Amino acid sequence: MSTAVYSDSASERTTQVKIIKHVDPPTGLSRLLFRIPIYAYRIGCGWIFGDRLMLLNHIGRVSGVQRQTILEVVSHDHADDSYVVASGWGPTAAWYRNVLHNPEVGIQVGRRTIPVTAVPLSTEEGADVFARYAARHRMLARHLLPRVMGLSVDGSEDDFRAAGRHLPFVKFVPRNGKEG
């Protein structure tokens, strides 16, 4: 177990996020279960996820092959129609490295297909986004972090903000205001 320490200069508090286990992306049956929403999108049933899950269509940075990944939407800004997601498996997740290499991607949310540009958020922007997400989905965030991401949180806003600093976030911004 390791600890990541973050100092909040505004409040002079130090928050520690404990990494309680190393988590790898799912394999085998778990991977199949995580991929079920991809198949739902492929047969035109993405609408059942509303705007909670999105399908990311991206290109492999090494292979050049079209890839698809399901991501949970952490935030949706209705003003500019942008979507924010976190890389729960960290900065080494294949989709995350792929969109950094080639940020011109497409997303599907519900019944909509949108050409977007992937923009990585700063550590502090990620902390703010995750604190707002945790406030809306407190139980999910409190149980998701230790089980899926290996991070221990006490449920406080400071702890969720510190956890948000630990995760890479990406904002998907629509290109030219066009939907597909």
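Since every read-out is calculated from the coordinates, none of them should be taken as a lab result. These figures come from a predicted structure and were not determined experimentally. Neighbour counts run over all protein chains shown; Cβ positions are idealised from the backbone, glycine included.
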Computed for segment 74-124: size of charge dipole around the Cα centre, +1 on C-beta of each Lys and Arg, -1 on C-beta of each Asp and Glu, debye to nearest 20, value 260
Normalised alpha carbon radius of gyration of segment 31-88 [divisor 2.2 N^0.38 Å]: 1.21
